[in-house]
Every structure is written in C-alpha cells, then in structure tokens.
Amino acid sequence: MNIGPLAENLLEWLALKANLAPVPLVHTQVYFVFSRAILSAFNLEIFETMKRGPQTLHTIATTAGLDQRALRSLLEVLVAAGYLRYHDERYSLTRLSRKWCLKDSASGVAPQQEFNRIAWQWMDHLDVFLKTGASVRFHESFGPVEWKLYMEGMECLARSFSKTAVAMAPDLSGASAMLDVGGAHGIYAAAFCEKYPSLKATILDLPEAVETGSLILKKYYNGNRIVYRKGDATRDDFGEQCYDLVFVANVIHHLSDAETKELAAKARKALRVGGYLIIHEYLAPEGQGHAEITAATLNLFFGLTSASGCRTEAEIRKLCESGELKFLKSSRFIGTNGYAQMVFSRQTTARIAGTRDSGPTTSSVSIQR
C-alpha cells in the first residue's frame with residue numbers, strides 16, 4: 001500500500017508530473033498534522049460520540065466537551081480523509097470509520113491508536129538511532145500502563161489475522177500440543193484450539209505481558225486447553241520433541257540474528273518429527289531501490305524501536321533453516337503488504353493443506369508460574 005500526494009484535478013496532476021509541487025512539505029507538514037489529528041480523534045472519542053447517527057457540530061462539541069471552533073477544523077480533516085461525511089449541516093460516520101474506529105467493532109483499532117500516542121514520542125530518538133544505531137528497545141522501559149496499551153494493540157492485530165492464519169496453516173488434524181511464543185493475548189492459540197479439538201496450547205511470554213494478556217484471552221476463549229508459562233523466549237528452553245506446532249508471531253523483528261537462530265534451533269528441538277514452525281513477520285523490502293513505502297517505513301520503525309527490525313524472507317529463511325528444519329511456504333495477508341506467514345517443518349515431505357477455521361469464542365485460562 002503506497003501513500004503520497006494524489007492529484008485532485010488536471011492542474012495538480014501536471015504540477016506533480018513537472019515537479020512543481022512541494023512534495024516534501026506535503027510529506028512533513030501536512031502528513032504529520034494529519035496523523036496527529038487522527039490520533040486525537042481517537043483519543044477524544046470523536047467516533048464514539050457520533051456512532052448513534054448524524055449530528056451537528058454543536059451537538060458533537062457539547063457531548064465531547066470540546067471547543068466548537070477548534071473541533072470544526074478537526075472534523076473538516078476527517079471529512080477530507082474519508083472518516084466522516086457532511087450533509088445537511090450534520091456529520092456522520094462513513095463505512096471506513098464504522099469498521100475500523102469504533103470500540104465495539106470486531107475490526108476496531110482504537111487500542112492500537114492509544115499505543116501509537118506512546119510510539120509517537122519514540123520518533124524523537126530517530127536522529128540518535130541514525131547516527132549511532134542505538135535503538136529504543138521499548139520493552140525494557142515499559143510500566144504497567146504501557147504493557148496494557150501494548151497488549152491491547154497486539155490484540156487488534158491478532159484479531160484481524162487469526163482466522164486467516166489458521167486457514168493458511170498446514171493441516172493439524174490429530175495434533176496434540178502447540179507452543180505460542182510471545183503471544184500473551186492468546187488469540188492465535190485460541191483460534192488453533194477452536195479449529196482442532198485435540199490441540200492444547202502453551203503460551204510462553206514475559207511475566208508483564210502475561211498479566212495483561214491472560215485477561216484479554218478471557219474475551220475470546222472459554223475452554224481449558226490453553227495454559228500460560230511465564231518466561232523469556234531468548235533464554236528459556238522449549239523442551240524436546242513435545243510440540244506439533246511452534247507459533248511465533250511478531251517476535252523476530254525484536255531479536256538479533258544470533259537470538260533468531262537460537263530461537264529457531266530451540267523450536268526445531270521442541271518439534272516432533274512432522275511438526276511445524278510458523279512465523280508471522282513484516283518483511284523488509286527486497287533489495288535496494290525497490291521498496292514499497294509501508295514496508296520501508298515499518299522496517300525503519302522496528303529498527304528504531306527494537307534490536308534488529310524487519311528482515312527479508314530470504315534472511316529469515318537463512319536464519320531459521322537447518323538440516324532438520326525445512327522451509328515449506330510463505331503466504332501474504334491480503335490488505336497488509338509485506339506481512340507474511342512463513343511455514344517450516346521438521347520433515348522435508350510434510351503435507352500442506354489450507355482450511356477454514358471457525359474462529360475464537362470467549363474464556364477462562366490457567367497460568368503456570
């Protein structure tokens with residue numbers, strides 16, 4: 001998904017083609033104000049205020065407790081961006097905002113937007129990162145509030161992809177044990193357990209993540225086949241030949257090359273013959289000079305905020321493959337360019353079969369301490 005100035009008439013199109021438009025100012029002055037305006041709309045619950053139907057400026061301002069004149073300028077931005085519609089002196093939500101911006105929407109991303117307000121501050125470190133290579137390593141600085149917002153943001157992402165992840169995975173009929181590395185919210189574990197009645201899952205994550213994640217899981221799963229194990233995937237052993245699936249989502253970009261190789265080695269050891277290692281990751285651009293803007297931007301962001309950043313598919317394969325762990329396939333998630341599910345197997349002739357899943361429900365969980 002590319003972003004950039006879009007011409008709204010012939011003169012603007014000609015200006016862009018002739019390099020007469022000040023594109024760098026659009027990318028900075030316009031985009032950063034636009035981005036912050038969207039975050040403020042979430043933070044001030046503008047979308048929640050309007051979900052009952054079309055409302056006047058005065059009604060929205062009164063309900064939300066905002067200055068009417070200032071609010072009008074924000075609403076104009078939201079109309080221009082397609083979040084709101086203006087008709088007959090009333091503002092109303094569009095299909096875009098109803099699906100993605102409301103808290104009670106199954107696809108809502110409001111919690112991730114709260115976390116993005118924290119991430120906004122990390123960008124002040126970008127110049128230092130570019131000069132020294134020293135990243136923020138945000139997990140090490142989190143307190144309880146940050147962990148809560150972070151896990152709720154990860155919940156949004158997992159909720160969007162869990163059903164597709166199960167559908168794209170190999171057939172796990174008859175599988176009995178799954179290890180979910182770093183998935184404290186439990187949504188992926190719940191999705192796999194709902195699809196496969198014989199499957200039990202262990203979720204390994206940091207203690208701080210488990211505290212919040214175990215509460216999130218209760219909204220999606222009501223069985224007793226998921227347990228938590230508090231620990232650190234970079235230090236703890238996974239066991240030996242005890243799992244049919246080791247699932248690792250959005251963890252690799254936080255790890256160094258050495259840590260990634262070690263994690264893959266531990267996964268290989270923990271898998272039974274014929275078992276699968278599944279990795280979810282945002283992929284770095286393939287080669288210099290051919291980057292898609294979203295992938296390139298996320299690569300920079302994760303480099304700033306974690307130990308390594310994104311890697312290409314070839315780099316992940318090189319770090320994870322071994323004599324016993326073979327790469328099988330890679331699948332892309334529709335609508336999120338560069339986000340991939342990579343499948344490895346501890347055998348070279350594993351059968352691959354994609355199926356649909358019934359999705360997660362709601363629950364109680366136990367925690368190993």
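Listing for the model above:
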| read-out | value |
| --- | --- |
| Strands (runs of 3 or more DSSP E) within region 296-369 that include 1 or more residues closer than 25 Å to Lys200 by Cα, at pLDDT 90 or above and open to solvent by 40 Å² or more (accessible area, probe 1.4 Å) | 326-332 |
| Meets criteria (in a strand (DSSP E or B) and either open to solvent by 10 Å² or more (accessible area, probe 1.4 Å) or without any contact (Cβ under 8 Å) to a residue 40 or more places away in the chain (or both)) for Thr202 | yes |
| Options Val166, Val181, Val109; residue that is open to solvent by 30 Å² or more (accessible area, probe 1.4 Å), β-branched (Val, Ile, Thr) and either under 20 Å from Val251 (Cα atoms) or in contact (Cβ under 8 Å) with a residue 12 or more places away in the chain (or both) | Val109 |
| Residue within region 114-135 that is free of Cβ contacts under 8 Å to residues at least 24 places away in the same chain and assigned to a loop (DSSP other than H, G, I, E, B) present | yes |
| Lone unmet requirement of (1) among the β-branched types (Val, Ile, Thr); (2) at pLDDT 95 or above; (3) buried (at least 21 other Cβ atoms within 10 Å of the Cβ) for Ile252 | (2) |
| Among (1) closer than 19 Å to Ala110 by Cβ; (2) of a type outside the set (Lys, Arg); (3) not in a loop (DSSP other than H, G, I, E, B), the one test that Ala70 misses | (1) |
| Breaking point among (1) farther than 21 Å from Ala184 by Cβ; (2) without any contact (Cβ under 8 Å) to a residue 40 or more places away in the chain, for Asp232 | (1) |
| Residues that are more than 22 Å from Leu66 (Cβ to Cβ), aromatic (Phe, Trp, Tyr) and open to solvent by 80 Å² or more (accessible area, probe 1.4 Å), drawn from region 26-49 | none |
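Here is a yes/no grid of residues against (1) under 22 Å from Asn299 (Cα atoms); (2) open to solvent by less than 60 Å² (accessible area, probe 1.4 Å):
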{"residue": "Asp67", "(1), (2)": "no, no"}
{"residue": "Tyr83", "(1), (2)": "no, yes"}
{"residue": "Lys103", "(1), (2)": "no, no"}
{"residue": "Gly153", "(1), (2)": "yes, yes"}
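The values are calculated or read from the model by the stated rules, or taken from the named source; none is laboratory data. Values in this document were obtained by computation on a predicted structure and should not be read as measured data. Here the Cβ is made from the backbone with ideal geometry for all residues, glycine too, and neighbour counts use every protein chain on show. These area figures cover heavy atoms from the full protein model, side chains too; ligands, DNA and RNA do not enter into them. Shrake-Rupley method; radii C 1.70, N 1.55, O 1.52, S 1.80 Å.
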